[in-house]
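The values are calculated or read from the model by the stated rules, or taken from the named source; none is laboratory data. All figures in this text were calculated on a predicted structure; none of them were measured in a lab. Here the Cβ is made from the backbone with ideal geometry for all residues, glycine too, and neighbour counts use every protein chain on show. When the accessible area is computed, the model is the full protein with side chains, heavy atoms only, and any ligands, DNA or RNA have been set aside. Shrake-Rupley method; radii C 1.70, N 1.55, O 1.52, S 1.80 Å.
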Amino acid sequence: MKKIIVIFAIIFSVCSCHAHIVTPFYPTTEVSGYNFGNELDVFNNEIVVSSLPSPLILPSPGKVYVFGYNNGVLEQENVFSPTDVQNNDGFGYSLSINNDFIAIGAPAQDSN
């Protein structure tokens, strides 16, 4: 019985100390794909999120959205989708952000 009480106390103290407000966000321009949130990375006040296409629903290339959190507001700042990307390239399958650099993977891209 003591183990259950100790576990409950630890869970309760962690949950009560780290209360956060959940802020939903989504693309506001150039919305594409079915799987928004497939990959996500955060650096400082910027969030990058990929949206992969669903081959079953309106085939379209993936896109990567950049959101910024400034003055208490989370807003879409940019969207990336290269002109030569194909629907099955997997653009946005992986991504990373660090300082002013964003790396975006497209594992099925057929060009070097």
Does Ser32 qualify as being at pLDDT 60 or above, in contact with a Lys or Arg (Cβ under 8 Å, 6 or more places away or on another chain) and either on the phi > 0 side of the Ramachandran plot or among the hydroxyl-bearing types (Ser, Thr, Tyr) (or both)? yes
Output the qualifying pairs, or none if there are none: Cβ atoms under 7 angstrom, residues six or more apart or on different chains, first residue in segment 77-92 and on the phi > 0 side of the Ramachandran plot, second residue surrounded by 18 or more Cβ atoms within 10 Å (Cβ to Cβ) and acidic (Asp, Glu). Gly92/Glu39
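If we only count strands (runs of 3 or more DSSP E) wholly inside segment 57-102, which ones have 2 or more residues that are at pLDDT 85 or above, open to solvent by less than 20 Å² (accessible area, probe 1.4 Å) and within 14 Å of Phe36 (Cβ to Cβ)? Working first, answer last.
Numbers: elements: 63-70, 73-80, 94-98.
Correct list: 63-70.
Yes or no: segment 86-93 includes at least one residue that is among the acidic types (Asp, Glu) and closer than 11 Å to Glu46 by Cα. Please lay out each step first, then the result.
Our first condition is that a residue be among the acidic types (Asp, Glu); within segment 86-93, this holds for 89.
Then drop every residue that is not closer than 11 Å to Glu46 by Cα, which leaves none.
The answer is no; no qualifying residue exists.
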Within segment 42-56, the residues that are over 15 Å from Tyr93 (Cβ atoms) and modelled with pLDDT of 85 or more are Val42, Phe43, Asn44, Asn45, Glu46, Ile47
Suppose we keep only residues that are in a loop (DSSP other than H, G, I, E, B) and small (Gly, Ala, Ser) within segment 103-112. Which one would you say is least open to solvent (accessible area, probe 1.4 Å)? Ala106
